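**Q** What follows is a single structure, and I will ask about it in a moment.
Rule-based calculations on the coordinates, nothing more; no lab input. All figures in this text were calculated on a predicted structure; none of them were measured in a lab. Glycine gets a Cβ as well: all are built from the backbone with ideal geometry, and neighbour counts include every protein chain shown.
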Amino acid sequence: MISWNIRSRSVRPIGLDIGHNSIKMIQLAINEGRFAVIAADETRIDADINGNSEEREGFIISSVKQMLAEGKFHGRNVVSCLPNERVKITSLRLSETEPPQIEQSLKREAAHRFRLDPDRDAINYIIAGSVMHGDEVKNELILFATDDETIKSHIAMLEAAQLRPVAIDVIPCALFRCFERSLRRQEDKEQTVIFLDIGSSFTTVVFGRGGEICFVKQIAVGGNRFNREIAARLGIGIDEAKILRGRLRMTENQPERQTSSGEQASAADKQQLDASTQRAMVNAITTVAEELAREISLCFRYYTVTFRGKRVERLVFSGGEAYENVLLDVLRQQLKIEIDVAQPLKGFDLPSEKMSINLGSNKQGLLCEWAVAVGLSLKGFSGTTNESAAHKMQENVF
């Protein structure tokens, strides 16, 4: 396993979230419990280069260098996360209680399930809790694993971008960490909250209770699926489908909202959709949203069966797709649960000068797509001197 210790200092490492369509960098400072954003920037990734791994990596390296040169980032320490498709995540149950026994069993399981080399590849876990398995009490574990080459190539890319990697994380842990600090009241600790982050290619589902992660699921449904479904129904290209989705989100009483590239919406973007086009788009989004809701419902079922007597109280929704009203409506109808759109920077002090943040289309100041980046910058900071073993494990996945 690769894990570095980060001292709790006023200035946090840079949180670097390299997604499918964008690169987000944010750096926080913490002083006497107050959080401040001291630097932040975002660069969009052109869809044309995503099919070419070398071109994409070159673009990421040059973009990060540029953001470092133009931004007000302090130092070069960085915490980043591996892409969803490169991390294997699964839940399993073991009778063993001692860490050496657990690690040996997990390595055998990872080698069997994912064809990984237990002596070379990165394998770690979180203890989710004790569960009844028949008449026996077992440990419910969440296994995280990736191959050694993925780790090495990721580090090489960061170093080529003139960054100093101090930790490598996974998206579920970064997402949970972003919001866990706001759930420390006693009533919050007794609730089960779902953190749902929908990006371009994946949806990350994290169940949290009592300040600890108790279930994780990656679902291969994201914003790109909505675009493809719209394109197929209307017989248009993916790029045009994305533009139409932007128009669908717009309302006449907010004409000055920005596009996803940070520019003012053009007159063409503000054109009203005709009724048939709008209906077809809503139907397309609804179809994908219902599929996603079914997958999330299966997560509900697994959790409530595994952790008997524990029910889900609410869902916190983040990611670039949290602004899709049709999706939100479907999830509320299908899941029958309170859903809040995340505000990961709520309560943070922001610098008075203009920050280089592209707020995107129909953002309403929520900035919920920054949740993972914020969680990365917070890695290693607990806010307390007494950390549970499970919390420490969440801080050191890779």
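**Q** Asp119: net charge of surrounding residues, Cβ under 10 Å, Lys/Arg +1, Asp/Glu -1, itself excluded?
**A** Net charge in that neighbourhood comes out at -1.
**Q** Now a separate question. Modelling each spin label as a point 7 Å along the Cα-to-Cβ direction, I'd like the Arg249/Glu98 distance in nm, to one decimal.
**A** Between Arg249 and Glu98, the label points sit 5.3 nm apart.
**Q** Where in segment 128-143 does the amide nitrogen come within less than 14 Å of the point 7 Å from the Cα of Phe114, taken along Cα to Cβ?
**A** Under cut-off, by backbone N: 142-143.
**Q** If neighbour count is taken as other Cβ atoms inside 10 Å, put Asp41, Asp46, Asp197, Asp147 in order from fewest to most.
**A** Details: Asp41 23, Asp46 10, Asp197 29, Asp147 18.
Result, fewest neighbours first: Asp46, Asp147, Asp41, Asp197.
**Q** Another question about this same structure. Quick one: net charge of Arg76's neighbours, Cβ under 14 Å, K/R +1, D/E -1?
**A** Details: positive: Arg12, Lys65, Lys72, Arg164; negative: Glu159.
Charge balance in the 14 Å sphere: +3.
**Q** I want the local charge near Ile151. Using Cβ-Cβ distances under 11 Å, sum +1 for each Lys or Arg and -1 for each Asp or Glu among the other residues. Could the numbers behind the result be given before it?
**A** Working: positive: Arg86, Arg120, Lys152; negative: Asp121, Asp147, Asp148, Glu149.
Combined, the nearby Lys, Arg, Asp and Glu give -1.
**Q** From the cross-link list Lys65/Lys88; Lys24/Lys346; Lys24/Lys242; Lys65/Lys152, which pairs have alpha carbons spaced over 27 Å apart? It would help to have the intermediate numbers written out before the result.
**A** Values: Lys65/Lys88 30 Å; Lys24/Lys346 18 Å; Lys24/Lys242 20 Å; Lys65/Lys152 20 Å.
Where the Cα-Cα span goes over 27 Å, the pairs concerned are Lys65/Lys88.
**Q** Classify segment 1-121 from the C-alpha gyration tensor, please: rounded if a/c falls under 1.5, else prolate or oblate depending on whether a/b exceeds b/c.
**A** Details: a/c = 2.97, a/b = 1.43, b/c = 2.08.
It is oblate, given that a/c is not under 1.5 and a/b is not larger than b/c.
**Q** What's the FRET efficiency of Arg233 with Glu159 using the Cβ-Cβ distance as r and R₀ = 41 Å, to the nearest 0.05? Numbers along the way, then the final one.
**A** Working: r = 45 Å, r/R0 = 1.09.
Efficiency, from the Cβ-Cβ distance: 0.35.
**Q** If you find the alpha carbon centre of segment 124-180 and of segment 46-108, how far apart are they in angstrom?
**A** Centre-to-centre distance over Cα atoms comes out at 9 Å.
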